[in-house]
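The values are calculated or read from the model by the stated rules, or taken from the named source; none is laboratory data. Small disclaimer: the values here were computed from a predicted structure and weren't measured. All Cβ positions, glycine included, derive from the backbone under ideal geometry; neighbour counts span all protein chains shown.
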Amino acid sequence: MKRYLILLAVLAAASRWTSVATADDTLRIRSLRTIDVCGSEKSALLSIDLGEIYFADSLMSFDITLSYDTTYLIPGTLLSNGTLSAQLSWMDGPIMNAVVPGELRIFGASIMTPAKGALPLVAFTADAKRLVCGIETPITLVYPADFNPEFRRSFSTWKADTVRFVARQRDQAGLGISIEQDRVKLDSLGGTVSIPMQITTAPKDNQYYELVVVRGSGSAFGIDSLIVQGIATDMTAATDTIVVSLPGNDSVMTGKIVLRQLANDSTVGTLNMSIRTAACACVRPTKTDAITVETTRAATSNVSDKDIDDDPAIIVANGLLQIQGDHEYPTDVDVYDVYGRMIEHVRFEHPNQMRRLTTLLPGPVILVITTGGRTKREMQWN
């Protein structure tokens, strides 16, 4: 009963607006409340309005048939109190008939006194059949509305409305991402470090959550791999921001992220992690975490730069790796992408050789060249 009193209060407020804003020649179907899939109330509230009706208009009966989508809605309850239909109560009316699937027929009549007032003609609820989010389902007229022959008002147009399904989210600070370490150090070029993490979410919303990893600064390191619940993320198209849909329905998920040092440089950078929520999730995890990442610059060797620069030249172009010039020692070349993943290892035993790299994609690559006990690093463009 309390629920219907609240609905009637909404109708009364809506009718004051409608009597002013709706033209006399317009029949309007209005949706007065959305369906919140996260709330306890799973019903929409709808009204049919013709504006203010006067005694002289002689409204004695109406017969209106509406259509609705049976995929999403079930006819609810007819509400007569606070509407003109309360005055059209012949045969214990008004009456709502939903025998035909997808059609809702509403009928009211009086044999004594015409209805009058600045109220909606009739109102009713529509209950959610299934809980979806982000859709709008229409409520429209099936046939022209029928009134008693003496009714002096007519409508030349009618306007339909839609029932909206939304999710009103609530923040929860205790859910989100937690990292076991707040600071890590990479000790050499190509070196890696593995960082455990834990993700807590609302289990029924898991299909709407994504893990967002952002490399905030520090280009000397990159993300080598990311694993959640044993499922690894494909890092082929990795960028400074990685978004991963969370797998499974567990409220607690574990994983790890592996970082790799990409440049022989001493830097301090950051890695920020958070949970992104899709529009249909009811709970928004707000706990975030971050890591400070240090990289290490290797000590300089006693071999002069000139000695290293005089070593054979390594050239990469169009998927071909070539060594040019004489060299006394075998030369090893490790080819990395810009995220620190090794693509291929090549060993040249003789000068002026060429090797095709079948897995090498166009773009920048990092070459780590070792010859005669010396190692140097170059960046080239394939």
Only one of Pro138, Pro120, Pro114 is crowded, with 18+ Cβ neighbours inside 10 Å and within 17 Å of Arg28 (Cα to Cα), namely Pro120
Within segment 53-73, residues being surrounded by fewer than 20 Cβ atoms within 10 Å (Cβ to Cβ), in contact with a Pro (Cβ under 8 Å, 6 or more places away or on another chain) and either not assigned by TED's automatic domain parsing to the domain that holds Arg105 or not hydroxyl-bearing (Ser, Thr, Tyr) (or both) number 3
With criteria (1) modelled with pLDDT of 80 or more; (2) surrounded by 14 or more Cβ atoms within 10 Å (Cβ to Cβ), Gly340 comes up short on (1)
How many residues does segment 74-104 contain that are touching a residue at least 40 places away in the same chain (Cβ under 8 Å) and either closer than 25 Å to Asp25 by Cα or surrounded by 23 or more Cβ atoms within 10 Å (Cβ to Cβ) (or both)? 6
If you take the residues in segment 359-382 that are among the polar types (S, T, N, Q) and part of a loop (DSSP other than H, G, I, E, B), which one is surrounded by the fewest Cβ atoms within 10 Å (Cβ to Cβ)? Thr359
Scanning for something surrounded by 18 or more Cβ atoms within 10 Å (Cβ to Cβ), among the acidic types (Asp, Glu) and more than 20 Å from the chain's Cα centre (by Cα), does segment 201-224 turn up at least one residue? yes
Have a look at Lys159, Lys129 and point out the one that is in contact with a Leu (Cβ under 7 Å, 6 or more places away or on another chain) and among the charged types (D, E, K, R). Lys129
Among residues belonging to segment 83-124 that are hydrophobic (A, V, I, L, M, F, W, C) and in a helix (DSSP H, G or I), point out the one that is nearest to Thr140 (Cα to Cα). Leu84
Say we look at segment 23-52 and pick out the residues that are of a type in the set (Gly, Ala, Ser) and either more than 22 Å from Ala279 (Cα to Cα) or touching a strand residue (DSSP E or B) at 6+ places or on another chain (Cβ under 7 Å) (or both); which of these is surrounded by the fewest Cβ atoms within 10 Å (Cβ to Cβ)? Ala23
Taking segment 141-157 and keeping only residues that are among the aliphatic types (A, V, I, L, M) and either touching a Cys at 6+ places or on another chain (Cβ under 6 Å) or buried (at least 16 other Cβ atoms within 10 Å of the Cβ) (or both), one is left with Leu141, Ala145
Which of the residues belonging to segment 246-266 are outside any strand (DSSP E or B), over 25 Å from Ile366 (Cα atoms) and of a type in the set (S, T, N, Q)? Asn249, Ser251
